[in-house]
1. Any residue at all in the range 50-70 that's in contact with a helix residue (DSSP H, G or I) (Cβ under 7 Å, 6 or more places away or on another chain) and closer than 28 Å to residue 7 by Cβ?
2. Can you spot a residue in the range 132-148 that is charged (D, E, K, R), closer than 17 Å to residue 32 by Cα and surrounded by 10 or more Cβ atoms within 10 Å (Cβ to Cβ)?
3. Only one of these conditions is not met by residue 112: (1) touching a residue at least 40 places away in the same chain (Cβ under 8 Å); (2) at positive phi. Which number is it?
4. Find the residue count for the range 150-179, including only residues that are over 14 Å from residue 114 (Cβ atoms) and of a type in the set (Val, Ile, Thr).
5. Just checking, how many residues over the range 89-102 are surrounded by fewer than 17 Cβ atoms within 10 Å (Cβ to Cβ), assigned to a helix (DSSP H, G or I) and in contact with a helix residue (DSSP H, G or I) (Cβ under 9 Å, 6 or more places away or on another chain)?
6. Here are some residues: 8, 29. Which one is crowded, with 16+ Cβ neighbours inside 10 Å, at pLDDT 90 or above and either on the phi > 0 side of the Ramachandran plot or over 20 Å from the mean Cα position of the chain (by Cα) (or both)?
7. State which residue is farthest from the chain's Cα centre (by Cα) when the search covers only the range 32-56 and only residues that are among the β-branched types (Val, Ile, Thr) and part of a helix (DSSP H, G or I).
8. Enumerate the pairs (first residue in the range 149-166 and without any contact (Cβ under 8 Å) to a residue 60 or more places away in the chain; second residue anywhere and part of a loop (DSSP other than H, G, I, E, B) and surrounded by 16 or more Cβ atoms within 10 Å (Cβ to Cβ)) with beta-carbon separation below 8 Å, excluding pairs fewer than 6 apart on the same chain, so at least 6 apart or on different chains.
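The values are calculated or read from the model by the stated rules, or taken from the named source; none is laboratory data. Owing to the predicted nature of the structure, the values given are computational and were not obtained by experimental measurement. Cβ placement follows ideal geometry from the backbone for every residue including glycine, while neighbour counts extend to all protein chains displayed.
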Amino acid sequence: MTSITQALVLIVETIASVYLLFVILRFLLQLVRADFYNPLSQGIVKITNPVLMPLRKIIPGLFGIDLACVILAIVVQVITSEILSLIVLNTVTNPLPLLFWGIMGLIMYTLNIYLVALFVMVIASFVAPMSSHPALMLIRQLTQPLLTPIQRIIPPMGGLDFSVMAIILIIYVSKIFLNGMASSLGLQPMLVLGF
């Protein structure tokens, strides 16, 4: 790749990754019913509303799941992959495989979000265990639905919560299986965000 191509790939990946992060976070925070009035939640809503609100008029929610948010994430993923394909391969890729790859990329991206959130939570538990910082409050609200079932099986012992370690292990195993599936299907990771 030439330096211009690398620069273009970096710019496209950065812009798309940041926007995709906000879309996925909005979906996840709605799913776990996180505090809507948290300043970070408000920021995420303001960033995603211009595209999401018109999309919601066309795509209604289903059983409390914001389908418009899911569709927006998939569309961002597929469009980004097409742009990267044009930049890197100088060709347009068939959108059907990109759709499948995009969904796999979104799953991987979501796993990465949870992985980072869990690591931040672990570090914060040592540095500022009783902090009420808005970011930490959202991270707790985001990760608690994952941790609660594991905590029923492995309760905290002596101030140590091994459920976080169990979830991190499950996430890494899931990522290994997703990477294996992606490589067996011929996925080109450089074209999909999250891999």
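1. Yes, the range 50-70 contains at least one residue that is in contact with a helix residue (DSSP H, G or I) (Cβ under 7 Å, 6 or more places away or on another chain) and closer than 28 Å to residue 7 by Cβ.
2. First, pick out the residues of the range 132-148 that are charged (D, E, K, R): 140.
Right, trim to closer than 17 Å to residue 32 by Cα and you get 140.
Then drop every residue that is not surrounded by 10 or more Cβ atoms within 10 Å (Cβ to Cβ), which leaves 140.
Yes.
3. Exception for residue 112: condition (2).
4. So in the range 150-179, the residues over 14 Å from residue 114 (Cβ atoms) come out as 151-162, 176-177, 179.
Adding the requirement that they be of a type in the set (Val, Ile, Thr) leaves 153-154, 176.
The total comes to 3.
5. So the first thing to find is which residues in the range 89-102 are surrounded by fewer than 17 Cβ atoms within 10 Å (Cβ to Cβ), and the list is 89-92, 94-97, 99-100.
Then drop every residue that is not assigned to a helix (DSSP H, G or I), which leaves 89, 95-97, 99-100.
Filter once more, so that each one left must be in contact with a helix residue (DSSP H, G or I) (Cβ under 9 Å, 6 or more places away or on another chain): 89, 95, 99.
Within the range 89-102, residues that are surrounded by fewer than 17 Cβ atoms within 10 Å (Cβ to Cβ), assigned to a helix (DSSP H, G or I) and in contact with a helix residue (DSSP H, G or I) (Cβ under 9 Å, 6 or more places away or on another chain) number 3.
6. Details: 29 fails: either on the phi > 0 side of the Ramachandran plot or over 20 Å from the mean Cα position of the chain (by Cα) (or both).
Residue meeting the stated conditions: 8.
7. Within the range 32-56, the subset among the β-branched types (Val, Ile, Thr) is 32, 44-45, 47-48, 51.
With part of a helix (DSSP H, G or I) added as a condition, the list becomes 44-45, 47-48, 51.
Details: 44: 13, 45: 16, 47: 16, 48: 14, 51: 18 Å.
The extreme case among them is 51.
8. 151/161
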